[in-house]
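The values are calculated or read from the model by the stated rules, or taken from the named source; none is laboratory data. A quick note: this is a predicted structure, and the numbers were derived from the prediction, not measured. Backbone-built Cβ (ideal geometry, glycine too); neighbour counts: all protein chains shown.
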Amino acid sequence: MHRCTRLLVAASAFAGILSVPAQPAHPVPYAHLSRHPVVALTFDDLPSAGGLAPGETRVGIVTRLAAELRAAHLEGTYGFVIGSDLEDDDDAQQALRIWLDAGMNIGNHTWSHPSLTTLTAPAYERDIARNEPTLQRYAGHRNWHWFRYPYLDEGDTVAKRDSVRAWLQNHGYRIAQVTLTFQDDDFSDPYDRCTAQHNDAAIAWLKQSYMENVAEFIRLGREEQRLAFGREIPNVLLLHATRFTTLMLPSLLDLLHQQGFRFASLESVLSDSAYSLDPHAGVVNGGPFQNLFLNARHLKYPPFKPEPTEQLDSLCR
Ligand SMILES: [Zn+2]
């Protein structure tokens, strides 16, 4: 099951509140954007993101992903763990050990991945706390007190938002905000289907479409930051440890290099002063960090080409 898929709906619906309709693809003007943006990579739903193709294992995927990250000198990358996924799953448990043994870090993504919009604050806080023994057991001495909201949903009301933020602060957490996301996990099941069919033409389209989607949503996130903060801020990129994102990671890193990105730790990125700002607004189903400010200030979103969801859903059926 793709837990973060709903973010796509949330982000689209959210953007739809205030944005102009999506525009057709057009040459991307990067000239006005920073020449050397900064980004920290993060992975959600570790170690069980997306479906699992026949013959594939979490151990296999995470082993390859960690090797790619190490080859790019990205040790210390954070993965956000859902504890319930580890129960009675030796493959998932071993995969998480491999992630940590490779020099990566873990943070809290709740026990069962609820949306804050659907729960009371106390129930949500209990779900965060329920994940802690698992994180403690795996992380040992490492700092696992980083929290990633499932679906990037920080609460549909200010009261709920403030309650959970206060709970996190009182329990020593920092919030691992996200500025860049492109629904990478939506490409996972189509890739598995097309691979099973040996459909090389469809796989080639998937790879091209994935990279186009990356470029478009990175541009969008950066444009949104300029509107929300008057500048680009150091970025946090949300990815998932799926088979396809692991396969595409070298191409993604190449694109980021081509666009002048420098890689930084999550701690370094989130030390930017922008991350101490609070929009003091509830947002149904949430969204990336800068979007919360655009929404609170009733600012208009830049146009963007949406993800090809219909093609992805119908591909290799
Ligand atoms: Zn998630």
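A few points about this structure:
- Against the conditions (1) surrounded by 18 or more Cβ atoms within 10 Å (Cβ to Cβ); (2) over 22 Å from A196 (Cβ atoms), L33 satisfies every one except (1).
- Failed item in (1) buried (at least 19 other Cβ atoms within 10 Å of the Cβ); (2) closer than 23 Å to S163 by Cβ, with L294 passing the rest: (2)
- Residues of the range 239-272 that are touching a Ser or Thr at 6+ places or on another chain (Cβ under 7 Å) and assigned to a strand (DSSP E or B): L239 alone.
- Candidates Q290, Q311 - the one that is more than 19 Å from the chain's Cα centre (by Cα) and not in a loop (DSSP other than H, G, I, E, B): Q311
- Any hit, the range 55-70, residues being modelled with pLDDT under 95 and within 29 Å of N295 (Cβ to Cβ): no
- For the range 193-200, the criterion of a residue being among the acidic types (D, E) and closer than 27 Å to E232 by Cα is satisfied by no position.
- Matching residues, the range 69-95, being in contact with a Ser or Thr (Cβ under 9 Å, 6 or more places away or on another chain) and part of a helix (DSSP H, G or I): L69, G83, S84, D85, L86, D91, A92, Q94, A95
- Hey, L252 touching a strand residue (DSSP E or B) at 6+ places or on another chain (Cβ under 7 Å) and within 29 Å of I203 (Cβ to Cβ) or not: no
- Taking the conditions (1) on the phi > 0 side of the Ramachandran plot; (2) surrounded by fewer than 14 Cβ atoms within 10 Å (Cβ to Cβ); (3) in contact (Cβ under 8 Å) with a residue 40 or more places away in the chain in turn, D88 satisfies each one other than (3).
- Selected residue [of a type in the set (K, R), surrounded by 16 or more Cβ atoms within 10 Å (Cβ to Cβ) and out of contact with any helix residue (DSSP H, G or I) (no Cβ under 6 Å at 6 or more places or on another chain)] from R161, R126: R161
Listed here are the residues, each with its yes/no results for (1) in contact with a helix residue (DSSP H, G or I) (Cβ under 8 Å, 6 or more places away or on another chain); (2) buried (at least 22 other Cβ atoms within 10 Å of the Cβ); (3) part of a helix (DSSP H, G or I); (4) aliphatic (A, V, I, L, M).
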site	(1), (2), (3), (4)
D45	yes, yes, no, no
S48	yes, yes, no, no
P54	yes, no, no, no
V59	yes, no, yes, yes
T63	yes, no, yes, no
R97	yes, no, yes, no
S112	yes, no, no, no
